[in-house]
Protein chains: 2
Amino acid sequence: MKIRPATDADRDAIWNIFREIVAAGDTYALDPAISREDALAYWFAPPTHTYVAEIDRGSVGEADSFPGMASSSPTANPNHLTVGTYIVRPNQPGGGSHVANAAFMMTTSARGQGIGRAMAEHCLSEAHRLGFRAMQFNYVISTNIAAIRLWQDLGFEIVGTLPDAFRHPDKGFVDVYVMYRSLIDK
Amino acid sequence: MKIRPATDADRDAIWNIFREIVAAGDTYALDPAISREDALAYWFAPPTHTYVAEIDRGSVGEADSFPGMASSSPTANPNHLTVGTYIVRPNQPGGGSHVANAAFMMTTSARGQGIGRAMAEHCLSEAHRLGFRAMQFNYVISTNIAAIRLWQDLGFEIVGTLPDAFRHPDKGFVDVYVMYRSLIDK
């Protein structure tokens with residue numbers, strides 16, 4: 001697997017992943033009907049840094065190990081499959097710009113292989129390299145157990161709880177967490 | 001004092017207040033050098049609801065009771081002075097859109113007269129009317145004591161603390177609070 005800065009050639013692959021995640025509607029507070037244009041504008045909005053995770057097509061054996069991916073997530077390099085994408089950016093402008101925010105999306109069919117953790121570690125490293133002093137997630141939905149466990153394992157703490165702040169498509173109103181970790185002396 | 005929805009005729013007055021608040025740099029994480037265009041785009045961005053608070057020019061006796069305001073904050077009605085502005089909007093799209101976010105700005109020279117509280121109460125009423133179930137402030141700087149006291153007095157609780165998340169122009173890195181209150185059964 002390789003994680004690298006995204007280019008314009010990755011836009012189709014990113015949109016495919018974005019669309020899949022947003023349509024599921026259980027991990028992000030985003031309009032499930034968001035347009036491709038709005039989604040990519042959000043994901044690439046300056047001063048956002050955008051990355052993709054890709055794997056060798058050969059490493060998955062048959063393309064149908066990841067159903068639909070061979071066609072649904074074309075990449076700039078036909079030997080690669082784009083399996084995830086993340087962004088890192090200042091969480092606030094001005095006096096809050098030393099704190100990074102990040103967001104991650106991974107195609108469902110590639111889960112359970114450590115790709116999420118690899119992207120998270122890459123992101124922390126990039127945020128540190130870019131000079132951020134801390135990282136904050138503003139909106140971690142409390143039912144997203146896998147993500148919360150990963151962030152806690154990587155040193156994030158729940159620093160705030162927003163009661164009933166997300167309307168889950170199956171579970172109704174659920175809490176949302178704010179998570180935070182320092183990047184100083186990392 | 002009157003609080004009412006803002007119109008295009010209020011843009012100059014809003015920009016004057018916005019510029020004053022952002023230049024001080026101690027209450028908002030916004031670029032102090034933000035342009036008029038970007039500031040007004042932010043303050044009026046759909047689906048934001050924007051309001052202004054204005055007072056009778058006569059009620060302040062001499063115009064110089066509020067130094068600079070007679071010229072710096074012209075309003076659509078020359079008998080009025082615009083002393084504050086606030087916005088209310090969904091804090092998140094999609095599954096988070098039932099929670100309101102709000103932001104307030106008031107010209108320094110009009111403080112201590114209950115205008116902030118009147119705007120806050122108006123805002124809570126409007127958010128309730130618009131169907132929001134809760135209101136969240138994402139970024140209340142811990143040194144902004146007057147604001148914190150007002151929100152607590154109006155039923156908000158500190159539900160999260162972001163360590164050192166704001167670089168204060170005089171005090172260095174200071175904590176930031178996330179504040180929240182329900183609007184159900186209000």
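Since every read-out is calculated from the coordinates, none of them should be taken as a lab result. Fair warning: this is a prediction, and the values are worked out from it, not measured in the lab. Neighbour counts are summed over all protein chains in view; Cβ atoms, including those assigned to glycine, are modelled from backbone coordinates with ideal geometry.
Summary of computed values
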{"quantity": "Closest Cβ on chain B to the rotation axis that carries it onto A (distance rounded to whole Å)", "calculated": "B:160, 1"}
{"quantity": "HN-Hα J in Hz across region A:168-178 - Karplus 6.51, -1.76, 1.60, θ = phi - 60°, x for Gly and Pro", "calculated": "6, x, 10, 9, x, 6, 10, 6, 10, 9, 9"}
{"quantity": "Cβ-vector label at 7 Å, residue B:154, separations to other copies in nm", "calculated": "3.6"}
{"quantity": "Cβ-vector label at 7 Å, residue B:121, separations to other copies in nm", "calculated": "5.7"}
{"quantity": "12 Å beta-carbon shell around residue B:38, net charge (K/R +1, D/E -1)", "calculated": "0"}
{"quantity": "q = 0.12, 0.19 Å⁻¹, region A:76-186: log10 I(q)/I(0) [Debye, one scatterer per Cα]", "calculated": "-0.46, -1.05"}
{"quantity": "Max mean-square fluctuation residue, GNM over chain A, Cα-Cα springs under 10 Å, options A:26, A:175, A:153", "calculated": "A:153"}
{"quantity": "Zero-based 10 Å bins, Cα pair distances in chain B, whole percents", "calculated": "9, 36, 39, 15, 1"}
{"quantity": "Cleavage-rule hits (trypsin sites (Lys or Arg not before Pro)) in region A:129-173: DSSP loop, at most 14 neighbouring Cβ within 10 angstrom", "calculated": "A:171"}
{"quantity": "Karplus (6.51, -1.76, 1.60) ³J(HN,Hα), θ = phi - 60°, over region A:51-56, in Hz, Gly and Pro reported as x", "calculated": "10, 10, 10, 9, 10, 5"}
{"quantity": "Separation in nanometres of the label points that stand 7 Å from Cα toward Cβ, at residue A:122 and residue B:33", "calculated": "3.3 nm"}
{"quantity": "Copy-to-copy label separations for residue B:31, where each label sits 7 Å from Cα toward Cβ, in nm and ascending", "calculated": "2.5"}
{"quantity": "Mean Cα-pair separation over length for chain B, i.e. relative contact order, pairs under 8 Å, 6 or more apart, %", "calculated": "19 percent"}
{"quantity": "Helical segments meeting 15 Å axial Cα length and Kyte-Doolittle -0.5 threshold in chain B (DSSP H)", "calculated": "B:11-24, B:115-129"}
{"quantity": "Computed over region B:85-186: relative contact order in percent, which uses C-alpha pairs under 8 Å that are six or more apart", "calculated": "25 percent"}
{"quantity": "Euclidean distance between Cα centres, region A:26-56 to region B:114-161, Å", "calculated": "31 Å"}
